[in-house]
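Comments concern the structure below.
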Amino acid sequence: MLITLSDPMRRDIETAVRLEAGQSRVVDVFGVAEDVQRRFIDENVALEDIAAAVARLATQSGCALELDRGELSEV
């Protein structure tokens, strides 16, 4: 299903990716997506949809992607 993000959310994603790319050429996709999702909690957009937009913009900016969600438990 194709999800259309609101203009304010798309601008926020662009700003967040630029900021992350300025600090490091590796963008933490789910970290950025979670931050954006918290700021736009009332829009009820799935984390994966936001993460897809973050990954697309980061890739277009020439950044490497970090996709680890930190869900692995240590043994």
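Couple of notes before you dig in:
- Cα-derived Rg over Rh, computed across segment 12-75 with Rh taken as Kirkwood radius: 0.99
- Extended-chain gain in nm, criterion 0.36 nm per residue less alpha-carbon gap, residue 39 and residue 19: 5.6 nm
- Per-residue ³J(HN,Hα) for segment 45-51, Karplus 6.51 cos²θ - 1.76 cosθ + 1.60, θ = phi - 60°, Hz, x for Gly and Pro: 9, 4, 4, 5, 5, 5, 4
- Couplings 3J(HN,Hα) of segment 35-41, computed from phi: 4, 5, 4, 5, 5, 10, 4 Hz, in residue order, whole Hz [Karplus 6.51 cos²θ - 1.76 cosθ + 1.60, θ = phi - 60°; x for Gly and Pro].
- Since only 50, 33, 63 are under comparison, the one whose Cα sits farthest along the positive direction of the charge dipole of the chain, derived from C-beta charges on Lys, Arg, Asp and Glu, is 63.
- Using the average count of surrounding beta-carbon atoms within 10 Å as a protection proxy, the listed peptides 54-67, 29-42 rank, highest first, as 29-42, 54-67.
Every number in this text was worked out from the coordinates using simple rules, so none of it is lab data. As the structure is a computational prediction, the values presented were derived from the model and not from experiment. Every residue, glycine as well, gets a Cβ built from its backbone with ideal geometry; the counts of neighbours run over all protein chains shown.
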